[in-house]
Structures are given as structure tokens and as C-alpha cells.
Amino acid sequence: MPVLAQADLRLDAGPLDYALLAVYFVFVLGIGFLARRSVSSSLDFLLSGRSLPAWVTGLAFISANLGAIELLGMAANGAQYGMATVHYYWIGAIPAMVFLGLVMMPFYYGSKVRSVPEFLRRRFGTGAHLVNALSFAAAQVLIAGVNLYALAFLLNLMLGWPIPFSVVIAAAIVLTYTALGGLSAAIYNEVLQFFVIVAALLPLTIVGLHKVGGWQGLVDKVTAGPGGAEQLSAWPATELTGIQNPVLSVIGIVFGLGFVLSFGYWTTNFAEVQRALSAKSMSAARRTPIIGAYPKALIPFVIIIPGIIAAVVVPELAALKAGDGSAGVVYNNALPALIGELLPNGMLGIAITGLLASFMAGVAANVSSFNTVFTYDLWQDYVRKDRPDEYYLRVGRLATIGGTLVAIGTAFLAAGYGNIMDYIQALFSFFNAPLFATFILGMFWKRMSAAAGWTGLVAGTLAAVVVFVLAETGAVDLPGQGASFVGAGAAFVVDIVVSVAVTMWTRPVPEERLVGLVWSMTPKENRRHSTTGEDAGWYRSPALLGIGVLVLTVVLNIVFG
Amino acid sequence: MVRKAGLFDLRLVIAMLFAVYGVVLVVVGLGFTDEADLARADGLNINLWTGVGMLVLAALFALWAFLRPVVVPDEVDGDLKAGDQV
């Protein structure tokens, strides 16, 4: 997290810029009020009544992940490591998104579960369900708080707003539209946010490239700079992984980032999967992550390249990169610093709006997935069963309010103790790491027992903790991002080993309960999607779209590798 | 399962936001850009060009919404139309 020194990043925003920001807030709240009219049941509120078209859910799918911590962090990585950062997008997202759409979505959407933890409950029963539902719900509200604090910190730096003021205002706006319009409002705003973020970053990239003399100018300047020409190629990314041997570095990227970390995140994180579950048909649900994959493959050009440009154009950052950090600037400032350097009033307002939009997208995704898991997986399953639906709609609204309040509390806590944010994020990466192993085994191996479900998750989480502690204490030397790759890999392997071992000694789940949840127990027609009406046409085929984006990613890797 | 097909048309909301932004930026780019603003953006009138781009985006979304309107099932009361927002 950005623990920043006293670098001067104050932007000279004028009345025009604030007016553009205000217009955006009017639209955001307006969407909340309009979406409210269509909420008449808990399913409407928490899953948009499963009614949204694929382009909407697809854009929301990546927008939910396009929070500002991600935005600032990836621009920072671009400034520090160069083109290798694209791996977080190309290797670290695209294959997993296609896999989710083609392979896993038939089980998620087809089984009519309302959340990812609910899938675990039906497949493995209470143990695995509780582990996942509790850790996910806690993670979402705490991470929402971290997001809020990061937002307030940035606004303080750029505009001089007091931190408590920004925390409360941002939380109030997100709360208003999510409590009114539920997931629909969150998703519609995510789509709007996506376009505003692009509208902010694309001109910034163009001006930046113009400033450095076009692409060739950037290539020349980076080659002559402290990072050297290495920073212009994505492979083998030894600097990024911290693994000196190029072959091992590539293996680390492909398996650690590309396989374990990214599949764990994209295919089992309910904040993402929820967007697909709100789609109006199986076909639309399968297309959701795949449609999202196209902009995901292209968006690094307006995030990472500005980061690289910032390290050349902004004098303080260039000095930092050359080893002189006395100006007090850190890599996380790359994006705001470039905005301040290049954009005049007007575009400045759009850029500030874009950054704010991306923060709110992150917070709203956290809150709107938290309230669903809280309502359906915790309250309905363990506290108050069998109430009428209006009751759960009310619980959903109250959970939205309660979750936001906890997030505000977390934000103030983070404001007091900066490192707490690092630990919160590390903590929840532990829970995320083994999930994919349990899901993939559970979906394709009908013998896997209920006990194996929760023991695998717990053992995998512990393995990630062990690697983290070893790396923190210096017992294993893994600089850069290497530790998180290795930790995720260990969690995956341990989860598989423990799940298989425990299954051998315990009774399997009765087969009749696995229909729709396990591949071999699900009739082929249940896994099919319709190809008529609004799902007709070759350009709506999930498989074709999926192959298309994989080809695009390979081409991008060849051109920019 | 018969559901309300469209809450309101998101495409028109997007078109409206970018129409407003586009007009403002074009006006600022044409009428209120001084030498200092130009110098900051390396000689590009970035407000003007972004504004034009936004207007094109707004027009495309409006066109899409116009050509392929959301089909609302009969039983839904007709008060949820696009355009009644903000």
C-alpha cells in the first residue's frame, strides 16, 4: 500500500473540474434511484433478478476488478518493472476468464446457486461452506475499508480534502446507490465507470506518448534509462518475479501467476462470479467473463504504458528510478503524478472522476457481494431459515448498510495504522489461494468427500501462511512478487494432496445429491446453453469468443513479448 | 420465468453522460484554452479531441439503443422507459 512521503502531488483543479465530478455523481445516484424501481424481491436486489444482458455483465465483470488499488498498483508496476507488468493481464487473467466461462459456468449457473459459497454447501455440506462464507464476507467488508482509505488518501494528496471527509462522502455515495438499487445499480454503475475510466486514461496515454516522441521515442528513452531495454519486453520478467534464472522465472509466471493465483481469483471470487450469475441466460452467463476478457486484454495499454511514461516524463519518478528517492515520491504516485504533469483543466476533471469512479467500482463490488453472501449464506442458512422473501430483502438492505459501516470503521483503522492494510490483504490472499483446487476437484471428481472439502481448504490456507512467514522472516529469499506466486502454488498442491488423502479415508457424498454439481453426474443437456432467440448467432457462441480472445492474447504476447 | 427485461436503458444513460462531458470539453477546448494549457499537454488540444471522441461514443450508444430497443414484456407497466433519468 502507498505509504507516501511528502511529495507534492497537489493538482490545480478548478471549478470546471469539480463541476465535471459533480455531474458524474448525479448520474451515479440517478442510476441508484432508477434501479430501485425494479427491485421487488431479494433475488432482484441481490442478483439483479438474473436478467442482465451479456455485454453489461461482461463489462461489470472486469470493472469490479478495476478498483483504484489495482489501477494505481499496475501503473506503479509499469513504472518500476516496465512491460513485464502485462503478465497480470494476459497470463494472469485471460486464460482463467475463458476457463470460467467455458468450463465452470455451466455448474455455477446451471445449478441455480445464488453464490459461490452456496455451491460449496451443496457440493460439500456445512464445513467447507462456513469456512468460505465467513472468510469471504469478512474479506469483502475489510477490503472495502482498505479501498475507502486508499481513496481518501489519494484525494487528500491530490485535492487536499481531509481524509475523514472523503471516507464518509465516498461511502455514503456507494451506500446510497447499492442500498437503493442493489446489484443492478452496482453493475450499471460499474459499466458507466468502465467507460469513464477509459475516457480518463486513453487521452492521458495519447498525450504521454506525444510528449515522449511517440512509441519509438518511448522505446529510446526507456532503453537509455536505468531499467534498460529489458523493461520493454514482457518475458522473462526476472525483475518482476525476483527469480534470477530466466527459465524458472517463466515457469513461476506461468504456473504461479497464470495458473494458481489467477484461476483462484477469477473463477472462485464471488465478487466476480456474481456478475455472471446475474446474467439473463446460461449463454449470457458463459459469455460474461469471455466478453470481459477482450477489454481486459487491451486495457493494460492505457494503464501500464502511462506508468512507463511517468517514469520517463515525471522528473521525481525518473530520479527515483535512477536510485535517488529524495523527492519523496513513490511508484504508486505514477498515475496521479502524470495526470498532474500533462492534463489541463477539463481533462483534469475527467481524470479525477475516472480515479474516483474506479475506487467506487471496487467498493461497490465488495459491498454488493458481501450483502449477498451475508443474506443467503450466513443469515438464511444459519440464523433465520424459512422466512418470507420480503424478510430477506430487508436483511439484504440492512446488510448493505452494516457492511458499509464496518468498512468505514476499517478505513479509519487503516488511517491510524498504515501497515494494517498490508496484513489484511495478505490474510485474505491465504483464503483465496487453495479455493481453485477444491473447486476443480469437486466439479470433476465425484468421489471427493465432504470432509475433504473443508480439510483441503484449511490445509491449503495453512500452507500459504507458512510460505508467507518463511518469506517475511527471510528464511527463504524471494524478493519481488515471487513469494506470493510460490505461496499460491504451495496452497494449491497441499490442497490437492490433502483432499485426495482425506477422500480415501472418508465416505463419498451420495451420488443423487451431485446432479448439476459434478461433471459426470450432470446430463449433457443441463450443461448446454440455448442457441435461439437472443442467444442465437455465431458471434454469441461462448467457445468461439473464447478462442478469439486466446488468439488475441497470444498475438499480443508475440508482438510485445 | 417472465421478468422485466429492462430496468431502463443503460445505453442511453451512457450516451447522456458522454454527451454532456463531450459538449463541455469541446467548448472548453475551442473557447477557453490558453497557451499554458496547450503547453502542458505538449501542444495537443486534448480537451477538444477528447470531447470530440466522447461525442462520437455518445452518438454510437444512442444509435445502438435506437436501432435495437430493449424489448419490454407486455405485463410490465410502461413507466420504466429510458430517458426519464436524472
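Per-residue shielding of B:38-51, expressed as the average number of other chain Cβ atoms within 10 Å of the residue Cβ, stands at 6. Put a dot 7 Å past the Cα of B:PHE32, heading toward its Cβ, do the same for A:VAL559, and the two dots end up 3.8 nm apart.
For the listed peptides A:271-282, A:98-109, B:31-42, A:360-371, a ranking on the average number of other beta carbons within 10 Å per residue, highest first, reads A:360-371, A:271-282, A:98-109, B:31-42. Report D for the stretch A:388-517 in µm² per second (integer): Stokes-Einstein, Kirkwood Rh on Cα pairs, 20 °C, 1.002 mPa s. Answer, rounded: 124 µm²/s. For the stretch A:42-69 versus the stretch B:14-44, the inter-centroid distance based on Cα atoms is 32 Å.
Label reach from A:TRP215 (point 7 Å along Cα→C-beta): in the stretch A:308-348, no amide nitrogen lies under 14 Å. Quarter the surface of the alpha carbon convex hull of the stretch A:108-231 and you get the mean projected area, 12.9 square nanometres.
For the protein assembly as shown, the number of Lys pairs with C-alpha atoms closer than 17 Å, counting only pairs eight or more positions apart or on separate chains, is 7. One Cα centroid belongs to the stretch A:174-219, the other to the stretch A:391-460; the line between them spans 27 Å.
Between amide H atoms placed 1.01 Å from N, distances below 5 Å from A:SER449 occur with A:THR503, all of them 5 or more places distant or on a separate chain.
Report note on the peptides A:305-317, B:14-26, A:162-174: ranked by the mean count of other C-beta atoms within 10 Å, highest first, their order is A:305-317, B:14-26, A:162-174. Put in line by how crowded their Cβ is, counting other Cβ atoms within 10 Å and starting with the fewest, A:LEU47, A:LEU232, A:LEU151, A:LEU393 read A:LEU232, A:LEU393, A:LEU47, A:LEU151.
For chain A, the Kirkwood hydrodynamic radius comes to 23.9 Å, computed from all pairs of different C-alpha atoms. Neighbouring Cβ atoms from other chains, within 10 Å of the Cβ of residues in A:344-354, number 6 on average. Each of A:HIS210, A:HIS87 has some number of other Cβ atoms within 10 Å of its Cβ, and from fewest to most they run A:HIS210, A:HIS87. Set the Cα radius of gyration of the stretch B:10-67 against 2.2 N^0.38 Å, with N its number of residues, and you get 1.28.
Long hydrophobic helices in chain A: the complete DSSP H runs spanning 20 Å or more by Cα along their own axis with mean Kyte-Doolittle hydropathy of at least 0.5 are A:15-36, A:126-159, A:163-211, A:347-372, A:389-416, A:450-472, A:482-505, A:542-560.
Each value in this text was obtained by applying a stated rule to the coordinates, not by laboratory testing. Bear in mind that the values here come from a model prediction, so they are computed numbers and not experimental data. Please note: Cβ atoms are built from the backbone with ideal geometry, for glycine as well, and neighbour counts cover all protein chains shown.
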